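Have a look at the structure below before the remarks.
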Amino acid sequence: KALGRAAKPQSSTGLFIVPGVVGFALAGPGQSRARRKRKQNTAVCDTAVEVKETSEVTDKRGYDREAWIQGYNSAQEETCCSLYSEALPKGLRGSYFRNGPAKFKVGDDQIMHPFDGDGMVCAVTFDGTGHAHFRNRYVRTPGFVEELEAKKMLYRGQFSQKSGGFLANAFDMRVKNLANTNVMHWAGRLFALWEGGLPMELDPLSLSTKGFSDFNGSLTKKDTFTAHPRFDAKTVRKVGFQYQPDPVAGITNISFWEFAPEGFDLVQRVDVEVPGFGFYHDFLVTDSYYILSRAPVEISPQRGLEGLLGFRSMGESIDFDEQQPTQLVLVPRDGSEARYVDLDTHFCFHYANGFEEGEKLI
């Protein structure tokens, strides 16, 4: 419930607490000057946040169990507040955005996994004079608004079921855009991202939800967009992708987009069909390739049927085959035929970096 509250500094060093959510974006000084003019009357939060010593709650296994449990508490407040600290560097101007799941209960229905929580975007704007201005808001996706009014879950999650048993969940394969994974600031616009649907555009100042975006017509209604777009520093392009597996046909259709510098003019779109059921959360961009990792995962026929009939979530229907290799999928950016490289068996969720060195891909 303390989400978004700032500790009022008692000395020259102020403490500012932002919840541990995932996904971030940075906006430049140009945006912060406008924010500074419009935030002059922002009230200062007087409520201090109690911080416990880690040693009090850390058990022998080496992690903070209490903090882990608190991560499943829903954020109860949307707030706006400011603080001042002489410790903030003068001239530090800009906005820092973060996104992550923040709603873990809908009425009496419990969300069972962070992947299924509705997204909340937090922002801290530094005005260059020692002030930091905080605000946070839930992303008002259509599904979020519907469930808020109904006071119960209306959509199944990847790992969460609606109340009412299998009859309430059977054959319900509707998808709720959670907008909970990342946030992208590009071309002066702000977007909350979730790989299963279209981006949700937000107002960078108020964080109010504007609605779905197709990036000026570059995306179709059937397209989705990755939660982890990449920036190619050499071409100054924003690069994104989508994947849509077809378990029945045993293929996955993947599309890549490259957008012009500081805009959404589409430079190119590359579509490729790769064999097998693929779960591609993140990717890399090098000079010549888009790179993805295909782990040996498939939907279990038995558990997949149980998921379809509502006896389990679809996320619980996936098998990992330790006897099969993991593959790197190398898709040339010029649209030519993809290459596949077998690796030791593993599951890769995120990448740090990728680059080419001479004739070898590192």
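Bear in mind that the values in this text are calculations on the coordinates, not laboratory data. Everything numeric in this text was worked out from a predicted model, so none of it was measured. Positions of Cβ are generated from backbone atoms using ideal geometry, with glycine treated the same way; all protein chains shown enter the neighbour counts.
Derived scalar couplings between HN and Hα for the stretch 91-106 equal x, 6, 10, x, 10, 10, 10, 9, 9, x, x, 9, 10, 10, 8, 10 Hz in order, rounded to whole Hz, by the Karplus curve 6.51 cos²θ - 1.76 cosθ + 1.60 (θ = phi - 60°), x for Gly and Pro. Taking only alpha carbon atoms, the stretch 223-362 gives an Rg to Rh ratio of 1.00, where Rh is the Kirkwood radius. Taking Cα centre as origin and charging only the Cβ of basic (Lys, Arg, +1) and acidic (Asp, Glu, -1) residues, the dipole magnitude of the stretch 79-182 rounds to 140 debye.
Output the pairs from 152/210; 90/210; 162/221; 103/234; 210/238 with a Cα-Cα distance over 29 Å in this structure; if there are none, say none. Where the Cα-Cα span goes over 29 Å, the pairs concerned are 90/210; 103/234. Within the stretch 74-128, the trypsin sites (Lys or Arg not before Pro) that combine a DSSP coil assignment with at most 13 other C-beta atoms in a 10 angstrom radius are 90. Multiplying the residue separation of residue 319 and residue 273 by 0.36 nm and subtracting their alpha-carbon distance yields 14.4 nm. Note on residue 222: aspartates and glutamates with a C-alpha under 12 Å away, same-chain residues under 8 apart excluded, are 214. Applying a DSSP loop filter and a limit of 13 other Cβ atoms within 10 Å to the GluC sites (Glu not before Pro) in the stretch 247-329 leaves 262, 322.
As an exercise, identify the trypsin sites (Lys or Arg not before Pro) in the stretch 210-287 lying in DSSP coil whose Cβ has no more than 15 other Cβ atoms within 10 Å. Answer in residue order: 221, 222, 234.
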